[in-house]
Amino acid sequence: MTTWHIETDYFALVLFLIMLIKNKRNERSAGVEYAAFLKVLLLSLFSVSWDILSTFVMEYAVSWWLYQCVMTVYVMTIPLLGAAWVCYAAVLVADKDGEELADRKALTHQISWLVAPYLLFCAVAAANPLTGWFFTLSYTMEYARGPLIIPVGVGLTALYSLSGIFLVLDGAQRQKFYTRLDAILLILFFSCSAMSAFIQMAHPGWLIINAAYAVSYVFCDMTIEEERRRKLYQKIEQQNVSLQKIAREAEEANRAKSEFLSRISHDIRTPLNGIIGMTYLARKQENSPATQDCLAKIDVASRFLQGLINDILDMSKAESNKIELRPEPYLLDDFLEYLDSVIAPLYQQKHQTFTLKTVPIRNVVPKMDVLRFNQIVFNLLSNAIKYTPDGGHISMTVTDELMPGHRERITVVISDNGVGMSDEFQKILFDPFTQEANSASAENQGTGLGLAIVKKMVDLMHGTIAVKSRLKEGTTFTVTLEFDYVEIDQITWKREQNDTVRDDGRLAGKRILLCEDNSLNREIACALLESRQMEVTAAENGRLGVEIFSDSAPYGFDAVLMDLRMPVMNGYDAARGIRELDRPDAKSVPIFAMTADALSEDAQKCREAGMNGHIAKPISPDVLFETLERSMPSPDRKA
């Protein structure tokens, strides 16, 4: 039977080694169950290795003391696996919070009671050289079993296996396993180990306990693997649920932010439209120099406030990736005209000198988002003017270079001899809401969003921006952008069209339906339109506007200006109501939103409602008149 014994030990050793390598290579979580699992595996390897060693000693040992010591330790290892596995079962069914034990003291106390019989057995077995209870060894090296090795040594193993079965049943009752199959496999494992122990007690030569443990171990490993897999799936599912919740909350927060921005924009722009509009009308009147100076300062302050609102909205749209570029040919003459009308008053007010150098490529016109390109240039130039003392100097150089792929590279360099920036601030100057603390910034408070918006716009255009600056020596910004381009011959019509648009006489006598609930804004709009000899019919809400249009003669109105937020019926529904009327001009009459809802989403909603365009408040008279001029029906159309 010795041969069978050693072969089963080899079989068990190979299985244990494979399992050890497998578990070491797997990246399982380092929970208490896995830690206990590895400890049991190492004890299993020790037990079967010592069993093999004891077999060789029995066959080949020549030293009585070596034989005696090895066999004594062997006897002590007989119930080792039973004790180890029943302790592992206790860990499996213990109360845990995730991978952490909920009550370590209670588990330690339970394991102590489970280990106590084995420790007592080891103490008794260690005295075997004196008692001979488990085996005897004559000085002629003759080995004989003692009276306790089977009933006590193997019997204790069987007792531990039965205890494991009861522990698993208790854990199953307390729902400690994911499925009933997990508990059944563990019960099968302990039943097999108990049966092997009883078989050995009935047939002492059939030493198959280690092999039985090794085979059963494979089933147990499958159970643990399945348990880990289920835990992983459960965690992934929980994370997915959590991520979905976070995504929903983020979406709701984003909607709430958009709604807040829309409302705050509307609520601020509505009175601001009154301030700017009334200031514009008042400056057209005859005023004393002092009054005219006050009106000019009111206009500057209100325009500054409008710029702050636009910065906040632009930054919000940029962070939400809601800015869409709309490229169109941008003539150099138009760009120079923009600089002259918008930038010149700023540096002239501070008695600064401005040098502009352009090196354009003839017969080529870049296609870019004019609004966003102007925004980049304006923010950089306005900052240069703002942080340069009176009498200082600002320069701007624009150079062009043709690139492969029908592309044009434009490099804009803006320099000033102003206050400059520290090295520390240059590291964060593109962060939102950042301003360097110095006397100049104290005099020129803003949102701190200008440069952040510039960086967002440059990134959106896939360009680059660099800065060089030193305190009290000035700053230089370099922006490099690439655009598609067209031949100048293809857009000569644009100049002719622009010249036609500027013909103010086209608006005289035109009939406008104005839907506006705010009395002050209604007064301003009427005054602006009537200043160009237009005839205005006003409605205080959308429903009244639809009724007035419906009751008028066909082609009785040349255009409709529609506020969006009105009582009784809003502008969207009013526009749809006009488009649905059964009359020849219902589908063709130009309808423009003239509203304080200035977000891109508002413009899109206007187009979906059947409107032709969107004019944001505060109303720019030039934008209003130009929009109407472009949309007017042919002069020969009869009412």
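Rule-based calculations on the coordinates, nothing more; no lab input. Everything numeric in this text was worked out from a predicted model, so none of it was measured. Please note: Cβ atoms are built from the backbone with ideal geometry, for glycine as well, and neighbour counts cover all protein chains shown.
For trypsin sites (Lys or Arg not before Pro), the sites in the range 356-400 that DSSP calls loop and that have at most 11 other Cβ atoms within 10 Å are ARG362. Per-residue packing, averaged as other Cβ atoms within 10 Å, sorts the ranges 458-467, 586-595, 544-553, 282-291 into the order 586-595, 544-553, 458-467, 282-291, beginning with the highest.
Label separation (ARG104 vs SER531): 8.0 nm, computed from points 7 Å beyond Cα along the C-beta direction. For LEU514, the residues whose modelled amide H falls within less than 5 Å of its own, excluding neighbours fewer than 5 places apart on the same chain, are THR537, ALA538, ALA539, LEU561.
Legend: calculated FRET efficiency, GLU523 to GLN238, from the Cβ-Cβ distance at R0 = 60 Å, rounded to 0.05, equals 0.50. Label-to-label distance, ASP484 versus LEU581, with points set 7 angstrom from Cα along the beta-carbon direction: 4.0 nm.
In a simple Cβ point-charge model (Lys, Arg +1; Asp, Glu -1; nothing else charged), the range 502-631 has a dipole of about 240 debye relative to its Cα centre. Pairs exceeding 21 Å between alpha-carbon atoms, taken from LYS427/LYS472; LYS386/LYS472; LYS284/LYS350; LYS357/LYS427; LYS367/LYS456; LYS350/LYS472: LYS284/LYS350; LYS357/LYS427. Toward the positive end of the charge dipole of the range 55-145, with +1 on the Cβ of Lys and Arg and -1 on the Cβ of Asp and Glu, the farthest Cα among PRO117, GLY132, TYR67 is that of GLY132.
A Förster radius of 51 Å combined with the Cβ-Cβ distance from ARG174 to ILE323 puts the calculated FRET efficiency at roughly 0.30.
Fully extending the segment from LYS350 to GLU249, taken as 0.36 nm per residue of separation minus the present Cα-Cα distance, adds 31.5 nm.
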